[in-house]
Amino acid sequence: MGVQVRGVIAARGTAVRSLRQVIAQKRLSRRMREEGRPFSPALLFPLLVIVLDSVAAFFTPHLQFYRLIGAAPALAAAIFSVAGTLGIGLLALMAGFAIAAAEHNLGRAPGNFTLLAIVVVTLAAAYASRVRQNREHTLAEVRSVAETAQRVLLRPLPQHLGHIDVEVLYQAAAAQARIGGDFYEAMQTPYGVRLIIGDVRGKGLPAVEVASVILSTFRVLRMTAPDLPSLAGHMETVMSHYSRNLPGDALERFATIVLVEIPAGEPIARVLNCGHPAPLLLHGGEVREVEPSAPSPPINMAALLGDHYQVDTIPFGARDRLLLYTDGVSETRDRTGAFYPLAQRVHRWALVPSRQLLDRLHQDLLAYCHGTRDDDLAALVARRVTPAGREPTELDRAIPVQRSPTGPSGAPTAGLS
């Protein structure tokens, strides 16, 4: 077990090194984009203010429009660099000087006050521009790190994994966030395709770190763990060691997960549900929940609930699909507080391709949700392809689901409700 834990730590170290490399590449690409920044009509607004103000002052000198010319550098602070803002301020000062000379106000209090105001506004605008640029730079760095962290933590899944096609939907709760506490992975192993989807308690960076620990363990041990209970047990051990080294209650850091193993040579799928929402089995036009026959503890809760992990075997033949999701999907509420009726809604799209199913699900969730989302959401569809890799026909969809009371080696079959 110590070797396995060290393997997980080594994998996380490799991920950190990859993170640094991608961050450096992102910085370079960002500088290149800045150097080739396209022209925007908004850049003309400060100049337009100077021109319009000068014209108005020329035709209506009694209204003293020239006193408003200081708005040009103030506006430039929002879109120009410091040098550009100072340049706009210089143009405004020259225009103010020319207007004051034309109106014979040079050397007089009104004209001097206007020119002084333009200088003060320009200097203040240059400072504001500098602050804005620093904040934009910081925000760009944060977004770069977030995007890179997503590539390392939630890297894009291959659409085809041997006999399984995979499609994914993910959205973080925060408007500007790229990652959150929901996670997923799908990988080929000697035992078939193994999938994981999970949800960490809490939000923010602590939840992301817990997700990284669990995903790192899955990626390292998915090739060597002989079965799903062993894989879940290793995750429990690694997560327990991780939690002991952090302040606070270790039991507050836990995650619910679903592990799925789809062997290539058998028309079945093995499902281990550790306190997570039940997956949906789609066969033709039928949609059924895959409820566990016995509860299994969430990751890092075995010390409190016991370490019994129940694997259920379900029929999963060609053209069947499994929809795995987090509670950000099933617990979305409308304005009355009612939960999203996932199984009923998915039944409408049970015959469409997986990508379209997830796209329609996403749009329907956005329309159903009342107010601002406060939870991440993730969904993953795994479809066993036909030998020819074709889309199912209507005749294929009419084939009934073949059920067996027990799985291989006497393993119980999950309840399909």
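Could you put Glu136, Glu289 in order of accessible surface area, largest first, with the 1.4 Å probe and the full protein assembly present?
Accessible-area ranking of Glu136, Glu289, largest first: Glu136, Glu289.
Can you pull the one-decimal nm distance between simple spin-label points at Ala124 and Ala78, each 7 Å off the Cα toward Cβ?
Simple spin-label model gives 1.6 nm for this pair.
Under a 1.4 Å probe, what is the accessible area of segment 199-248 per residue, stated in Å²?
So segment 199-248 comes to 42 Å² accessible per residue, rounded to a whole number.
With all protein chains present, calculate the accessible area of Glu286 using a 1.4 Å probe and round the result to the nearest 10 Å².
Its accessible surface works out to 80 Å², give or take rounding.
Computed FRET efficiency, Cβ-Cβ of Asn134 and Leu44, R0 25 Å: what is it to the nearest 0.05?
0.50
Which of rounded, prolate, oblate describes segment 202-249, given a ≥ b ≥ c as roots of the alpha-carbon gyration tensor eigenvalues and a/c under 1.5 marking rounded, otherwise prolate only if a/b is larger than b/c?
The shape class here is prolate.
Could you check the spin-label model distance between Gln159 and Leu366? Points 7 Å from the Cα along Cα→Cβ, value in nm.
My value for the distance between the label points is 2.1 nm.
Given the Cα-Cα distance of Glu209 and His308 and 0.36 nm per residue of separation, how much length would full extension add, in nm?
Full extension from Glu209 to His308 adds 33.1 nm.
Averaged per residue, what accessible area in Å² does segment 291-378 show with a 1.4 Å probe, protein chains only?
About 46 Å² of surface per residue is accessible.
Looking at segment 281-361, which trypsin sites (Lys or Arg not before Pro) are DSSP coil and have at most 14 other C-beta atoms within 10 Å of their C-beta?
Arg335
Could you sort Phe183, Phe58, Phe80 by their accessible area in this structure, using a 1.4 Å probe and putting the largest first?
I get Phe58, Phe80, Phe183, largest accessible area first.
Could you give the length gained on full extension between Arg335 and Phe59, defined as 0.36 nm per residue of separation minus the Cα-Cα distance, in nm?
Extra length from Arg335 to Phe59 when fully extended: 93.7 nm.
Computed FRET efficiency, Cβ-Cβ of Val51 and Leu90, R0 22 Å: what is it to the nearest 0.05?
The value I calculate is 0.90.
Take Ser240 and Arg143, extend 7 Å from each Cα along the Cα→Cβ direction, and tell me the distance between the two endpoints in nm.
4.4 nm
Taking θ = phi - 60°, what integer Hz values does the Karplus form 6.51 cos²θ - 1.76 cosθ + 1.60 yield along segment 211-228, in sequence order, with x for Gly and Pro?
Karplus-based 3J(HN,Hα) across segment 211-228 equals 4, 5, 5, 5, 5, 4, 5, 4, 5, 6, 9, 5, 7, 9, 5, x, 8, 5 Hz.
The values are calculated or read from the model by the stated rules, or taken from the named source; none is laboratory data. Owing to the predicted nature of the structure, the values given are computational and were not obtained by experimental measurement. Counting neighbours? That spans all protein chains shown, and the Cβs are built from the backbone with ideal geometry, glycine included. Side chains included, ligands, DNA and RNA excluded: accessible areas come from the protein's heavy atoms. Shrake-Rupley method; radii C 1.70, N 1.55, O 1.52, S 1.80 Å.
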